[in-house]
């Protein structure tokens, strides 16, 4: 969902059918890993995917997987 648009905790919780507290816990982990980026919009924080970090992870995992096939 976050690859398509930035969303706040409550919007994510509604769409996923889980509590805002559960979403907040998961977003905390994703923020720590720099996978999502927070952006304050009025009273809410909206989260979006950090495409640079995902590209970095894609490259690293691709290299690891290529090593196994050699």
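The values are calculated or read from the model by the stated rules, or taken from the named source; none is laboratory data. Please read all numbers here as calculations on a predicted model, not as lab measurements. As a convention, Cβ positions derive from the backbone with ideal geometry for all residues, glycine included, and neighbour counts pool all protein chains shown.
Cβ-Cβ distances below 6 Å connect the following pairs, each with a first residue in segment 43-60 that is touching a residue at least 40 places away in the same chain (Cβ under 8 Å) and at negative phi, a second residue that is part of a strand (DSSP E or B) and surrounded by 10 or more Cβ atoms within 10 Å (Cβ to Cβ), and a separation of six or more residues or different chains: 46/8; 46/39; 47/36; 47/38; 48/37.
If you take the residues in segment 1-15 that are touching a helix residue (DSSP H, G or I) at 6+ places or on another chain (Cβ under 7 Å) and at pLDDT 95 or above, which one is surrounded by the fewest Cβ atoms within 10 Å (Cβ to Cβ)? Checked segment 1-15; the qualifying residue surrounded by the fewest Cβ atoms within 10 Å (Cβ to Cβ) is 10. Scanning segment 28-70 for residues that are loosely packed, with under 12 Cβ neighbours inside 10 Å and touching a helix residue (DSSP H, G or I) at 6+ places or on another chain (Cβ under 8 Å) returns a single hit, 33.
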